[in-house]
Amino acid sequence: MLACTLFAAPALAQRDRVFVASYGSDSNPCTFGSPCKTFQQAINVVAAGGEVTAIDSAGFGPIAISHAITITSPNGVEAGIAVAAGTTGITINAGPSDVVSLHGLTLEGAGAGQSGIIFNAGARLEIIDSVVQNFADTGIFVDPAANMTLLISNTRVLDNPNSAGIEIAPQTSSVVLASIDHVTIENNNYGIYLDGSAHDAIIEAVITNSIVSSNANTGVAVFISNPINFGSLATIKDTTLSHNVSNGVSTSGSGSEILLSHVMIEGSHTGINIGSGTIISSAGNNDIFDTATPVSGTLSAAPEQ
């Protein structure tokens, strides 16, 4: 009995890096030589803060994430997530200091999947080199319960006609700092919708080098209901807002604000719609054309620094 105790095999530690492949099996240990079949199984066995890598192009299934993780695929590999009707591709309920990074993923709703990515909790979400398309509701929905930062880069959010391509709507009076760079957002209802109204949240979004086009309502909309000590702000720079049917940009609520610099707005009914709030245009460097109403409301001007 003593010998058995002394020489008992130790429990296997979780690996920092695991793998999935089209030929894998979820009964495998998720190593490179013996990969798993699904992202979810790989996430279940990887260490917190670890990495899941797709070896080849395939569909790897929806994901529920509860800890810090990086999910990635190398160049030339399409790591797909096909989403069934009424469900979500990736749901994130991570810890207050957890960072979740998603690289090189393609989420496909086929017109019936509910949402592509829903972020409820965590410290930071990164979405890079990815595609989110064809969902019945929002492509990317960020509704954190606490302060967080968001990075979306080199990503396409397409064909989510009933809601927004990207929506940020915090659950509490939290602060969301968002960076949206080199992103294409097309054929949604709203392109980007920043909504701090429900819980008097603060949203500060910087949108750069992007294309927001052919959305049925508004390209970029900022909404806040109670301006006292709260507000929502979008800074848009070096970006094209084209053929968004109702408005290129719009504000609603006196705590909402949009800053424009080197922005082209064209092909909308109203280029800039100031329902209330403030829109500031850096003097002389924005273009608005082919609109029935270039500006509705009072547009403020600011010198270019």
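Shown in residue order for the stretch 142-152 are the 3J(HN,Hα) couplings computed by the Karplus curve 6.51 cos²θ - 1.76 cosθ + 1.60 at θ = phi - 60°: 10, 10, x, 8, 8, 4, 7, 10, 10, 10, 10 Hz (x for Gly and Pro). Ranking of PHE39, PHE32 by neighbouring Cβ atoms within 10 Å, starting from the fewest: PHE32, PHE39. Taking the number of Cβ atoms within 10 Å of each Cβ as an exposure proxy, the fewest-first ranking of LYS37, LYS237 is LYS237, LYS37. Once C-alpha pairs closer than 8 Å and six or more residues apart are averaged by separation and normalised to the residue number of the stretch 166-305, the relative contact order reads 18 percent.
Counting only Cα atoms, the size of the stretch 166-305 along its three principal axes is 39, 31, 26 Å, in decreasing order. Remark: the stretch 255-264, residue by residue, has Karplus-estimated 3J(HN,Hα) of x, 9, 8, 10, 10, 10, 8, 6, 10, 10 Hz, where x stands for each Gly or Pro and the curve is 6.51 cos²θ - 1.76 cosθ + 1.60 at θ = phi - 60°.
Pairs of Cα atoms nearer than 8 Å and 6+ residues apart set the relative contact order; for the stretch 15-137 it is 19 percent. Summing +1 for each Lys or Arg and -1 for each Asp or Glu, what net charge is found among the other residues whose Cβ lies under 12 Å from the Cβ of ALA68? It works out to a net charge of -3. Taking 7 Å steps out from each Cα toward its Cβ at VAL245 and ASP287 produces label points 2.6 nm apart.
Size descriptors for the stretch 1-160: radius of gyration and Dmax over Cα atoms are 17.0, 65 Å. Net charge in the neighbourhood of ILE265 (other residues with Cβ under 15 Å of its Cβ; Lys, Arg +1, Asp, Glu -1) is -3. Close amide H contacts of ILE127 (hydrogens built in the peptide plane, cut-off under 5 Å, sequence separation of 5 or more or a different chain): LEU102, LEU151, ILE152, SER153.
Dipole magnitude for the stretch 29-165: about 140 debye, using +1 per Lys or Arg Cβ and -1 per Asp or Glu Cβ, origin at the Cα centre. Work through the residues other than ASN187 whose Cβ is under 12 Å from its Cβ and net out their charges, Lys, Arg +1 and Asp, Glu -1. That works out to -1. Helical runs (DSSP H, four residues minimum) scored at -39500 (n - 2.57) apiece and divided by the length of the chain put the mean residue ellipticity at 222 nm at -1000 deg cm²/dmol.
When the Cα positions of THR91, ALA169, LEU150 are compared along the charge dipole of the chain, THR91 comes out farthest toward the positive end, with charges on each C-beta of Lys, Arg, Asp and Glu. Here Rg and Dmax of the Cα atoms in Å was calculated from the structure, and among [x] 21.6, 87; [y] 18.7, 55; [z] 20.2, 64 it sits at label [x]. Each of PHE60, PHE19 has some number of other Cβ atoms within 10 Å of its Cβ, and from fewest to most they run PHE19, PHE60. Normalised by the number of residues in the chain, the average gap of Cα pairs under 8 Å and 6 or more apart makes the relative contact order 8 percent.
Per-residue Karplus couplings for the stretch 291-300, computed as 6.51 cos²θ - 1.76 cosθ + 1.60 with θ equal to phi - 60°, are listed in order as 10, 5, 10, x, 9, 10, x, 9, 8, 8 Hz, Gly and Pro entered as x.
Placing +1 on the Cβ of every Lys and Arg and -1 on the Cβ of every Asp and Glu, with nothing else charged, gives the chain a dipole about its Cα centre of roughly 580 debye. A cut-off of 5 Å between modelled amide H atoms, ignoring neighbours fewer than 5 places along the same chain, links ASN215 with ASN187, ASN188, ASN244, VAL245.
FYI, it's all coordinate maths here, none of it is from the lab. The shown structure was predicted, so the numbers you read here are calculated from the model rather than taken from an experiment. FYI the Cβ positions are ideal-geometry reconstructions off the backbone, even for glycines, and counts take in every protein chain you see.
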